[in-house]
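The values are calculated or read from the model by the stated rules, or taken from the named source; none is laboratory data. Everything numeric here is computed off the predicted structure, so don't read it as measured data. Methodologically, a virtual Cβ is constructed for each residue, glycine included, from the backbone with ideal geometry; neighbour enumeration extends over all protein chains shown. Surface areas here come from the heavy atoms of the whole protein model, side chains and all, with no ligands, DNA or RNA. Shrake-Rupley method; radii C 1.70, N 1.55, O 1.52, S 1.80 Å.
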Amino acid sequence: MRRRDVLLFSAGGILASAGAAGWWAATREPLAALAPWREAALDADDPRIGVFRHAILAPNPHNRQPWLIRLIDADTAEIRCDLGKRLPATDPFDRQIVIGFGCFLELARLAAAARGLRLDIAPFPDGAGDPRLDGRPIARLTFRADPTLARDPLFAAIPARRSVKEPFDPARPVSAEALARLLASAGIAPDVTAMGTVDAARVAPLRDLALRAWRIEAATPTAWRESVDLMRIGKAEIEAAPDGIDLGGPMFEALSHARLVTRATLADTGSTAFREGARAYEAMFATSMGFVWLATRANARTDQLAAGAAYVRLNLAATAMGVSLHPVSQALQEFPEMAGPRAEAGALAPGARVQMLARIGYADPVPPSPRWPLAAKLTKA
C-alpha cells in the first residue's frame, strides 16, 4: 500500500465496532491539509506567491516540507532549511533533504517560467553546510521578466503529480519503449544520468533489494522510531500537522478509533499492526514493474540539488504519461545498518553516485499528500 497505508485489515467488524461517531469521522477528508493543491491555481498580486504555491507541492523525504521562504524585495527571495525538519536517523548527512530542495527549486522554476519570469537560482550563496546543513541559505532566487520564455509542458502536470505508494497492476507491464520515452521526456539535467530497467531478470533483484532495505529500516530502532514519530493518524492529526506520513481515510480513522492503530502498536515490531504493514510492503514491492534511478558524478550539495530537479521532472513526465512512480529511498540511506543494500544500489551506476531509486508501474489514481499552507512557510527573518 501507500507508505501512509501501511496496514491491511479486514475492516468490516472494526468499522462496525467503531460506532456511528467513528464512522462519521472515517468519512471526512482533511480538506484544509489538501487546500494547497487547490490554491496553486489562484492568482496573486505578487507573482512570487503563485510561484511558491506550486513549489511547496514538491516531493520530499517523509513529507517534511523543510523549506522556509523569505521575500526580500520586489524580485528576490531566499530559501532556507527548517533545521527541525531534518531526518537525523535515516538521513544523517541531509542528502535526501537537499534533494527535496532540488525538487522545490525546479517546481519554482517551472512555475516562474509559466508566468513569464526567468528564475535565476544561486545555490548555497554563503556556502553549504557539510556534513549537516546549517542556517545558511539553500538558495537565493532572483525573478526577472522575460517574455521570450516558453512554458515547459511539464508545468501542467504539477497538480496531478503523486508519489504512488500502492501496489501496481501486475497485468500491465511497462514497455521498454515507454521507459525510454519516460527517461527522454523528463529532460534530465546534463550533470545527472537517468537509467532504468523493465527487464524481468533485472527487476527481480531490485524488488528484493527494495524489500530488504525496508526491512532493515524497520528493524533499526532509531530509524523506525523516526518514521513512527512522524505518522499522522486520522484527520485530526493530519489537519494539525500536515507533514510527515499521513495515515488517513476510512480504514485508519476506524482502526484509530478502535485503538488498534496507535503509535505504540506501529512502533512494536511484534504487533499485528506492524506485521500487517510488513505484508503490505511485500505486496507492494512484488508488483514493481520496473525501476528507474538517477546518478551524479559527484556528491556535492549542488549535485544533490541537481538530482532533485531531475527527479521531479521524471515524476512530472511519468504523470503526463500515466505511469505511476514511487521512490524507494531506503536502499540509499546512509546510516550504518544500510551499508550492504547501499553498496548494491551503488553498483547500478559504477563510478557515480546513485541519488534516487524509484519503482514504476501502473496504478489507480491516489489522492495528494497533505501540505502546510504557503503562509506557514513564509518568514521575515
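Checking region 166-175 against the condition returns no match, with no residue being closer than 19 Å to LEU294 by Cβ, out of contact with any Asp or Glu (no Cβ under 8 Å at 6 or more places or on another chain), surrounded by fewer than 20 Cβ atoms within 10 Å (Cβ to Cβ) and hydroxyl-bearing (Ser, Thr, Tyr). Checking each residue in region 107-133 for being open to solvent by 20 Å² or more (accessible area, probe 1.4 Å), touching a Lys or Arg at 6+ places or on another chain (Cβ under 8 Å) and part of a helix (DSSP H, G or I) picks out only ALA114. Within region 316-346, track down each residue that is within 17 Å of the chain's Cα centre (by Cα), among the hydrophobic types (A, V, I, L, M, F, W, C) and in a loop (DSSP other than H, G, I, E, B). If the condition is that a residue be within 17 Å of the chain's Cα centre (by Cα), among the hydrophobic types (A, V, I, L, M, F, W, C) and in a loop (DSSP other than H, G, I, E, B), then VAL323, VAL328 are the ones that fit.
Of all residues in region 131-163, count the ones that are out of contact with any helix residue (DSSP H, G or I) (no Cβ under 9 Å at 6 or more places or on another chain) and within 26 Å of PRO66 (Cβ to Cβ). Counting residues in region 131-163 that are out of contact with any helix residue (DSSP H, G or I) (no Cβ under 9 Å at 6 or more places or on another chain) and within 26 Å of PRO66 (Cβ to Cβ) gives 5. Here ARG80, ARG86 are screened, and the one residue that is under 14 Å from ARG136 (Cα atoms) and of a type outside the set (A, V, I, L, M, F, W, C) is ARG80. Of the residues that sit in region 190-204 and are part of a helix (DSSP H, G or I) and open to solvent by 70 Å² or more (accessible area, probe 1.4 Å), which one is farthest from ALA339 (Cα to Cα)? Ranking the candidates gives ALA200 first. Looking across region 272-315, the residues that are touching a Pro at 6+ places or on another chain (Cβ under 6 Å), aliphatic (A, V, I, L, M), in a helix (DSSP H, G or I) and open to solvent by 10 Å² or more (accessible area, probe 1.4 Å) come down to ALA283, LEU305. Only one of the numbered conditions (1) open to solvent by 70 Å² or more (accessible area, probe 1.4 Å); (2) within 30 Å of GLU282 (Cβ to Cβ); (3) under 19 Å from the mean Cα position of the chain (by Cα) is not met by ALA156, and that is (2). Checking each residue in region 252-265 for being in contact (Cβ under 8 Å) with a residue 40 or more places away in the chain, out of contact with any Gly (no Cβ under 7 Å at 6 or more places or on another chain) and open to solvent by less than 60 Å² (accessible area, probe 1.4 Å) picks out LEU255, ALA258, VAL261. Flag not set for VAL366, criterion: open to solvent by less than 10 Å² (accessible area, probe 1.4 Å), out of contact with any Pro (no Cβ under 7 Å at 6 or more places or on another chain) and among the β-branched types (Val, Ile, Thr).
Residues of region 119-146 that are of a type in the set (Lys, Arg) and within 21 Å of GLU334 (Cα to Cα): ARG132 alone.
For ARG136, the criteria (1) exposed (fewer than 13 other Cβ atoms within 10 Å of the Cβ); (2) in a loop (DSSP other than H, G, I, E, B); (3) basic (Lys, Arg) hold in every case but one, which is (1). When region 227-245 is filtered for residues that are in a strand (DSSP E or B) and open to solvent by less than 20 Å² (accessible area, probe 1.4 Å), the ones remaining, listed by number, are MET231, ILE233, ILE245. Within region 158-177, residues that are free of Cβ contacts under 8 Å to residues at least 24 places away in the same chain reach partners that are buried (at least 16 other Cβ atoms within 10 Å of the Cβ) and part of a loop (DSSP other than H, G, I, E, B) with beta carbons closer than 6 Å, at six or more positions or on different chains, in the pairs ALA176/VAL198.
Pick from ILE99, ILE72: which is part of a helix (DSSP H, G or I) and among the β-branched types (Val, Ile, Thr)? Result: ILE99 is the single residue among ILE99, ILE72 that is part of a helix (DSSP H, G or I) and among the β-branched types (Val, Ile, Thr). For the structure I just gave you, tell me whether GLY50 is more than 20 Å from PHE155 (Cα to Cα) and of a type in the set (Gly, Ala, Ser). So GLY50 does not fit the description; no. Inside region 228-278, can you point out the residues that are among the basic types (Lys, Arg) and closer than 24 Å to PRO88 by Cβ? Matches in region 228-278: ARG232, ARG263. Among the residues here, VAL198 qualifies as among the hydrophobic types (A, V, I, L, M, F, W, C), under 16 Å from PHE291 (Cα atoms) and in contact with a Gly (Cβ under 7 Å, 6 or more places away or on another chain). Step by step: first the residues of region 6-52, then only those that are among the small types (Gly, Ala, Ser), part of a loop (DSSP other than H, G, I, E, B) and over 28 Å from ALA258 (Cα atoms), then the one that is modelled with the highest pLDDT. Which residue is that? Top of the filtered list is ALA40.
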